[in-house]
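Below is one structure, written out as structure tokens; comments come after it.
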Amino acid sequence: MTTLPHAYFNPPRRLPFVLPTPPEGKKLISLAINESPYGCSRKAWTAAEARFGDPNRYPDPSSADLRRAIARQFALDPERIVCGNGSEELLDVVARMFVRAGDQIIMSQSGFFQFAVIAARLGAELLRAPEQDDITDVDALLALVSEKTKLVFLAVPNNPTGTLLPVDDVIRLHEKLPPHVVLVLDLAYGEYMEKSDLARLMRHGGAQSNIVITRTFSKAYGLAALRVGWALAPDWMTPGLNLIRGVGNINAIAQAAAAAAVQDQVFVDRVVAETAAERAFMARHYGRLGLRFVPGFGNFLLTRFPDDETKSAGKFIDFAMREAGLWLRPVGEPGFANWSRMGLGNRAENELLVRLLEEFLK
Ligand SMILES: *Cc1c(COP(=O)(O)O)cnc(C)c1O
């Protein structure tokens, strides 16, 4: 018992997440957890339906077709791709490969919550580097690196801030890291970046022996329900990652859907374009309503509520659920007590959000 990480008995307070029940007679509208409002590619849907015809057959434990489809789409080596039950599994698998109790993991101050959960699972010491204007500060991060550092987790764009560390800074961070430290680049929102920036990150990361890149089908591809992510890892690392991941970690329907989805980049481009239009729409309305927000690049905007206690983020979150079954969440990261990371829905959902904000703030 005493050898288990202390966190098992004293876990982060925000766990477990619970899906809320909307008020009687209302449908839940979710802008709380960064899902896409645009569904998925028709081709993914058709492929999933077809595979559902053989539910008695196990999935391919090596996800070979899916890895080949990803590799073909992005000109990668399929042997260097590891698929996971969401990229969440892969972040955990990478950490389990390199981190033991007492080792250090470094992340940016307002980095992705899941990074902290993973550190707690392993009994690792988590260090958070202070940020500049809500953006990762490479030098502050490097200043925390020690002999005991095993992993640096970095999400680009970041969640919950949505901010983007420029590619040059990511490269500089990597160049200054000692070779015993593995840099995990979490590109869950990579599709929402400039294509050339994403390509540069993939190219640079893919050429290093201590960078793992993770991607997901949960956001722009709109397949969150199926739980599929993938990692591009150095050659020498993939056998270990494959050992640690679950054997049948991705169900067959999810594999089929994701393999079809990755080939439909027209769909992804449309999602990204619509998201950009909705981001501009909400930015305009937040501005008009006097609400400050962090200029983000994901499918959400981290937005600050007025200091007036009757107009707080917490009060609005309750109000939106009560009035419309609209689900929003507070932000747990320190320094964001009166903020909410509000998802960019479709136009109708965003108009509803604006109406609710107008009524609440008046
Ligand atoms: C949503 C998200 C993920 C996890 O996505 P999966 O559904 O597990 O693939 C990973 N990283 C960040 C930063 C995210 O916001």
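The values are calculated or read from the model by the stated rules, or taken from the named source; none is laboratory data. Values in this document were obtained by computation on a predicted structure and should not be read as measured data. Positions of Cβ are generated from backbone atoms using ideal geometry, with glycine treated the same way; all protein chains shown enter the neighbour counts.
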For the stretch 334-352, name all the residues that are closer than 17 Å to Ser110 by Cβ and either surrounded by fewer than 21 Cβ atoms within 10 Å (Cβ to Cβ) or without any contact (Cβ under 8 Å) to a residue 24 or more places away in the chain (or both). Pro334, Gly335, Phe336, Ala337, Asn338
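Residue by residue, here is whether (1) surrounded by 22 or more Cβ atoms within 10 Å (Cβ to Cβ); (2) out of contact with any His (no Cβ under 8 Å at 6 or more places or on another chain); (3) more than 21 Å from Ala231 (Cα to Cα) holds:
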| site | (1), (2), (3) |
| --- | --- |
| Val99 | yes, yes, no |
| Ser110 | yes, yes, yes |
| Leu127 | no, yes, yes |
| Pro130 | no, yes, yes |
| Asp134 | no, yes, yes |
| Leu144 | no, yes, yes |
| Pro160 | yes, yes, yes |
| Val167 | no, no, no |
| Lys176 | no, yes, yes |
State whether one or more residues within the stretch 63-74 are part of a loop (DSSP other than H, G, I, E, B) and away from the ligand (no atom under 16 Å from the Cβ). no
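Against the definition (outside the structural domain of Val294 (by TED's automatic domain parsing), polar (S, T, N, Q), within 16 Å of the ligand (Cβ to nearest atom) and farther than 22 Å from Gly205 by Cα), how does Ser87 come out, yes or no?
So Ser87 fails the test.
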Lone unmet requirement of (1) outside any loop (DSSP other than H, G, I, E, B); (2) more than 14 Å from the chain's Cα centre (by Cα); (3) not acidic (Asp, Glu) for Ala116: (2)
Just to verify a result, which residue in the stretch 154-175, among those that are touching a residue at least 24 places away in the same chain (Cβ under 8 Å) and charged (D, E, K, R), is farthest from Asp134 (Cα to Cα)? Arg172
Among the residues that make up the stretch 275-298, is at least one of them touching a strand residue (DSSP E or B) at 6+ places or on another chain (Cβ under 7 Å) and among the β-branched types (Val, Ile, Thr)? yes
How many of the residues making up the stretch 178-190 are surrounded by fewer than 21 Cβ atoms within 10 Å (Cβ to Cβ) and either under 19 Å from Arg341 (Cα atoms) or touching a helix residue (DSSP H, G or I) at 6+ places or on another chain (Cβ under 8 Å) (or both)? 1
